[in-house]
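Undergrad: This is the structure I want to talk about, given as structure tokens.
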Amino acid sequence: KRILEKSRQNSDGPHDWPPIGINIPLADESLHEKYIMGDEVSLRRIAQLANPRVAARIDFPRFGAKVADEDKKHGKDRVSLEREKAAAEQLAEYDNAGMHVLPKVLQMWEGERREEKLVEGLSVEDAYVMRVLLSVARVHESKQEHIDSLPPFIMTDAEDMTLNGTYLLSGFANLHPMYTNKHGSVLLFDSNHWQLKRNPDIERSVDSEEHTVTTKAKGFMPPLGTWDTDGKPILSLQVDQKSQRHPYDNLTTERLSLGRGGTRLVGGATRGGVSLEELRRLYAWPGEKTCVDDAVLTLKNMGFHVSKILQSINMVGVNVGDILEHLTEDDSSVDEEEIEDGGEDDGVQAALEADIGQMHSSLEHGEEPR
């Protein structure tokens, strides 16, 4: 049960199992129905293995492959070994039992994504299993493509100059992307929070015995704005208007002030302002294109200020339950100086409603939002 919960928690989706939207041709108590409903963890992992970067980011649960020294000599990485193990054991078990999807799974792992090719020649029941695997693989792959396509992060204003500079995607840690600058400082998610870890092997520009700068942010992506520590370094996304502009930036790009002179957040960070476009850029991967807007509207209708909602999204991500908990967990840590005039919030509310209407209309017609 714990492994099933972890599999669901660590996955990128879909939230329903089996995925909705796929016609189910399986009879109750059939072999395929038994495996689809009983082997959710294994089938989800088989789908995640379709993309090596997804499999590297989501490293639990997995088909327990460890890279031995001998394998390293032959250039085998963990994902390759895990695929071999899954094929030799789990997929072979399916094949022996009468669920013949092994050859098609190997095709999917080799990069095939055309549904017609992955179900060609299969029975109706086997084809359904492959459609499930392909659907799950696409969800994970779309989020990974979003992570890989984000522009670099830029850290400025840190007293320790080794923390400043451009942070490029360098791998994954604890299910989250990890970023490194030219000094070897690392921006990563560790111990349930976003942190900056200094490179211990180079001389720092300030005296400090601390190797780690920690925030209380725990969203999927690192928090933007000022980190209230170590000279208040500021993290932002690099934006090249010609090549890095996010496809949804031409929606509402209004920057919201978070209070006069910056409002202290629940969790300790301060911001002079954060924009909807920045949060959209961080979290609008396919399948979640309106998640920031939807969260803002939902919580605005519950009586929360838009500015506070954006602060919480920046700190905990786009899950409405997490945002609500963050908004309500410790009001005493928030400065009393808040936005008292609701006019700005009302204007953003109207803009969001118009944007979401336009976005949903575009998506329904298979178009990119304008």
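The values are calculated or read from the model by the stated rules, or taken from the named source; none is laboratory data. Nothing here was measured: the structure is a model prediction, and the numbers come from that model. Positions of Cβ are backbone-derived with ideal geometry, glycine not excepted, and every protein chain shown enters the neighbour counts. Quick note on the areas: whole protein, heavy atoms, side chains included, nothing else; ligands and nucleic acids left out. Shrake-Rupley method; radii C 1.70, N 1.55, O 1.52, S 1.80 Å.
Undergrad: Can you spot a residue in segment 156-176 that is of a type in the set (D, E), outside any strand (DSSP E or B), surrounded by fewer than 17 Cβ atoms within 10 Å (Cβ to Cβ) and modelled with pLDDT under 95? Before you say what the answer is, go through the steps one by one.
TA: So in segment 156-176, the residues of a type in the set (D, E) come out as 157, 159-160.
When the remaining residues are screened for being outside any strand (DSSP E or B), the result is 157, 159-160.
Narrowing the set further to residues that are surrounded by fewer than 17 Cβ atoms within 10 Å (Cβ to Cβ) leaves 157, 159.
Among the residues that remain, those that are also modelled with pLDDT under 95 are: 157, 159.
Looking for residues that are of a type in the set (D, E), outside any strand (DSSP E or B), surrounded by fewer than 17 Cβ atoms within 10 Å (Cβ to Cβ) and modelled with pLDDT under 95, one finds at least one in segment 156-176, hence yes.
Undergrad: Quick one: count up the residues across segment 111-155 that are over 17 Å from the mean Cα position of the chain (by Cα), assigned to a strand (DSSP E or B) and crowded, with 21+ Cβ neighbours inside 10 Å.
TA: Residues that pass the stated criteria total 1.
Undergrad: Another one. Cβ-Cβ distance below 9 Å, separation of 6 or more or different chains: which pairs start in segment 75-89 with a residue that is closer than 17 Å to V54 by Cα and end on one that is of a type in the set (K, R) and open to solvent by less than 20 Å² (accessible area, probe 1.4 Å)?
TA: Going by the 9 Å Cβ cut-off, the qualifying pairs are E82/R45; A86/R45.
Undergrad: Quick one: what pairs do we get from segment 1-25, first residue of a type in the set (F, W, Y), second in a loop (DSSP other than H, G, I, E, B) and modelled with pLDDT of 95 or more, C-beta under 6 Å, 6+ apart or different chains?
TA: none
Undergrad: Sticking with this one: What is the number of the single condition among (1) modelled with pLDDT under 90; (2) part of a helix (DSSP H, G or I) that L327 does not meet?
TA: Against the list (1) modelled with pLDDT under 90; (2) part of a helix (DSSP H, G or I), L327 comes up short only on (1).
Undergrad: Do any residues in segment 92-115 that are within 19 Å of V79 (Cα to Cα) have Cβ atoms under 8 Å from those of residues that are aliphatic (A, V, I, L, M) and outside any helix (DSSP H, G or I), where the two are at least six apart or on different chains, and which pairs are they?
TA: Pairs found: K104/L122; M108/A50; W109/L49; W109/A50.
Undergrad: Return the residues of segment 64-110 that are small (G, A, S), at pLDDT 90 or above and buried (at least 17 other Cβ atoms within 10 Å of the Cβ); say none if nothing qualifies.
TA: S80, A86, A87
Undergrad: Across segment 289-330, which residue is nearest to H146 (Cα to Cα) among those that are charged (D, E, K, R) and buried (at least 18 other Cβ atoms within 10 Å of the Cβ)?
TA: This residue is K289.
Undergrad: OK, next. Can you run down the residue pairs with Cβ atoms below 9 Å, 6 or more apart or on separate chains, where the first is in segment 142-161 and in contact (Cβ under 8 Å) with a residue 60 or more places away in the chain and the partner is among the β-branched types (V, I, T) and part of a helix (DSSP H, G or I)?
TA: Every condition considered, the pairs that remain are K143/V54; Q144/V54.
Let's see how each residue does on (1) in contact (Cβ under 8 Å) with a residue 12 or more places away in the chain; (2) among the basic types (K, R); (3) closer than 16 Å to S236 by Cα:
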| site | (1), (2), (3) |
| --- | --- |
| V124 | yes, no, no |
| A127 | no, no, no |
| Y179 | yes, no, yes |
| G184 | yes, no, no |
| W194 | yes, no, yes |
